[in-house]
Amino acid sequence: MTSSRTNPAPGPASMEGEPSASAAWELLLPAASAPARGRGRALQSALREAVRSGRLAAGTRLPASRELAADLGVSRGLVTEAYEQLTAESYLRSGRGAGTWVSGTVRPAARTVRDLSPRAPGSRVDFRPGTPDLALFPRSAWAAAHRTVLDRLPHSALGYPDPRGLPELRVALASLLARRRGVVADPERVVVCSGVAQATTLLGFVLRGRGATTVGTEDPGSPEHASLFASTGLTTIGLPLDDEGLAVGPLVRSGVRAVVTTPAHQFPTGIAYSADRRAALLDWARATSGVIMEDDYDGDFRYDRAPVGALQGLDPEHVVYTGSVSKSLAPGLRLGWLIAPASMTDEIVARKRTMDLGNPSVDQAVLADFVAGGGYDRQLRRCQRAYRERRDAMTGALATHFPGTEVSGISAGLHIIARLPERFGPQDELLRRAAAAGIALRPLSDCAATGADRADRADSGDGTDDGSVRLVLGYAHLAPTAVEAGVRLLAEAVRRGRAGRA
């Protein structure tokens, strides 16, 4: 190009260090060699990207269309059309006799892409609970179900679905949950949702619409419940546990009319609610017209005792039952379910409709096929065998490397509670040593409500405030050898810290 075409006109682009038009023409050369039918669109895209990226800075004067066409070896009409299109989109500006300039309207797009997924970057070992082994996802069987579904799915099924979910999936889930979890499941009251997180917010919006302001949660319990309910305008109050489950006295005195529970395998303590406590909770719900949300987050994984049936099966009109495939298949599928009391179903479905118009139809159809064809049951058996082996590896490694450790909650689920002897503490020091060694841990204290969010703390028997070292250790996502190696690494980090203090 000649100097008359490459030197920017006076203005922002002429400042020292600013890119000139000549710095970006190389980006247009590939567009000039594009196939003839798409050359005009390619030229527009290349020029648009040069402005977006900042290679053509605001205030840069562009060559006349005739000159640029000659340099690129394309027709003047293509360049003129590109200038006109980008001027209409505000990427460029022009005036009669004043030439064409890069507009100051455009701001270069950010080039960084962050990953906000809940991982522990840089960790050598991640013992935090809640993640299954994603390598166990049945890729071949899922792909086969996907092909089968796409071959037979009618075109109409690709439209907006029933916000409750595809009928065939609701029927399949109702049968599965009745058989495996003892749930009273009318397909008309099954709502397919994006995991238990969305089920929680659906319930929260309905409770808020009915005038509720507070929901009770287990203390200790899942920290996520508080933030999910907060997003719907509700506050939470932590209600203490004893060795039979949620303590009824503090529940009654709290005045709440809705409570979240994990009765089959309490998170995180591992308690299975006793029969008497389950009955007492239902009595409370009936007497107060209250609502119990049952989060059956890992109800299918039992190792040393018979499965405990869902609380919902005892009184489906006072219990909202929720679950998902996050532990059995993969959390990334974002598929779960809610079974609502008849009195709440219409409100929950209406809220689901306004929230997202329903879950993706193809994914629902694949899960329905997978459940109906027996693939889901086979997957559960496969996971159960793997997770039992990893549970045993965890308890064995703790006995070897942290002798005297008390473990609980080991008969079910994907995590255990480990109470380490005092000589391995204090807890803050152990956590610091673990982090420095690249070991991600979750202490039991992270699962406790705090301050004003607690109710009747003195009635609790969970011991989260007694100063001991208690860890919630997840093992399902780690191979047995990785479990043993991780516990050994933690022991070495703690031992170095104790030697340093000595």
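Values quoted throughout were computed directly from the atomic coordinates according to the rules given, and no laboratory measurement underlies them. Everything numeric in this text was worked out from a predicted model, so none of it was measured. All Cβ positions, even for glycine, are placed from backbone atoms using ideal geometry, and neighbour counts span all protein chains on display.
Note on residue 114 and residue 435: with the Förster distance fixed at 30 Å, the Cβ-Cβ geometry gives a FRET efficiency of about 0.85.
Compared with the dominant Cα axis of the chain, that is its longest principal axis, helix 195-209 is turned about 80°. Given their separation in residues at 0.36 nm each and the Cα-Cα distance between them, residue 428 and residue 372 gain 15.3 nm when the chain is fully extended. Among the trypsin sites (Lys or Arg not before Pro) found in the stretch 50-138, those both in a DSSP coil and sparsely packed, with 10 or fewer other Cβ atoms within 10 Å of their Cβ, are 96, 111, 114. Restricting the stretch 239-335 to chymotrypsin sites (Phe, Trp or Tyr not before Pro) that sit in a DSSP loop and have at most 15 other Cβ atoms within 10 Å of their own Cβ leaves 303.
Taking every C-alpha pair closer than 8 Å and separated by at least 6 residues, the mean separation divided by the residue count of the stretch 138-291 gives a relative contact order of 16 percent. Positive contributions from Lys and Arg (+1) and negative ones from Asp and Glu (-1), summed over other residues with Cβ under 12 Å from the Cβ of residue 207, come out at +3. The long axis of helix 167-181 is offset from the longest Cα principal axis of the chain by roughly 30 degrees.
Return the FRET efficiency for the residue pair residue 107, residue 70: r is the Cβ-Cβ distance, R0 is 41 Å, and the value is rounded to the nearest 0.05.
Values: r = 32 Å, r/R0 = 0.77.
Once rounded, the FRET efficiency stands at 0.80.
Normalised by the number of residues in the chain, the mean separation of alpha-carbon contacts (under 8 Å, six or more apart) gives a relative contact order of 17 percent. Counting only alpha carbon atoms, the long axis of helix 139-152 and the longest principal axis of the chain meet at about 70°. Charge tally around residue 51: other residues with Cβ under 12 Å, Lys/Arg +1 each, Asp/Glu -1 each, net +3.
The modelled label-to-label distance between residue 353 and residue 288, using points 7 Å beyond Cα along the C-beta direction, is 3.2 nm. A DSSP coil position with no more than 15 other Cβ atoms inside 10 Å describes the following trypsin sites (Lys or Arg not before Pro) in the stretch 283-368: 305. Net charge of the neighbourhood of residue 356, taken over other residues with C-beta under 14 Å away and scored Lys/Arg +1, Asp/Glu -1, is +3.
Which log10 I(q)/I(0) values does the chain give at q = 0.12 Å⁻¹ under the Debye formula, counting every alpha carbon as one identical point scatterer? The calculated log intensity ratios at q = 0.12 Å⁻¹ are -1.01. Where the alpha-carbon atoms of the stretch 269-398 are placed on the principal axes, they occupy 47, 43, 25 Å, in descending order.
Secondary-structure-derived ellipticity at 222 nm for the chain, considering helices only, amounts to -12500 deg cm²/dmol, per-run term -39500 (n - 2.57) for DSSP H runs with n ≥ 4.
Normalised by the number of residues in the stretch 113-212, the average gap of Cα pairs under 8 Å and 6 or more apart makes the relative contact order 18 percent. Under 20 Å from a label point set 7 Å out along the Cα-to-Cβ vector of residue 305, the amide N atoms of the stretch 255-294 belong to 261-282, 294.
Treating r as the C-beta distance of residue 135 and residue 158 and R0 as 22 Å, the FRET efficiency rounds to 0.10.
A Stokes-Einstein calculation at 10 °C with viscosity 1.306 mPa s, built on the Kirkwood radius of the stretch 67-198 over Cα pairs, returns a diffusion coefficient of 71 µm²/s. Annotation for residue 175 and residue 381: the two label points, set 7 Å from Cα along the Cα-Cβ direction, are 1.7 nm apart. Measuring from a point 7 Å past the Cα of residue 488 along Cα-to-C-beta, which residues in the stretch 379-403 have an amide N at less than 16 Å? Under cut-off, by backbone N: 393-403. Longest exposed-loop-site-free stretch of the chain, with GluC sites (Glu not before Pro), DSSP loop and at most 16 other Cβ within 10 Å? Of all site-free stretches, the longest is 90-316. Amide H to amide H distances under 5 Å link residue 126 with 440, where only residues 5 or more positions off or on other chains count and H is placed in the peptide plane.
Extension gain for the segment residue 33 to residue 406, taken as residue separation times 0.36 nm less the Cα-Cα distance, is 127.2 nm to one decimal. Calculate one ³J(HN,Hα) per residue across the stretch 273-281 by plugging θ = phi - 60° into the Karplus curve 6.51 cos²θ - 1.76 cosθ + 1.60, and present them in order as whole Hz with x for glycine and proline. Calculated HN-Hα couplings, in order: 3, 5, 4, 5, 5, 4, 5, 5, 5 Hz.
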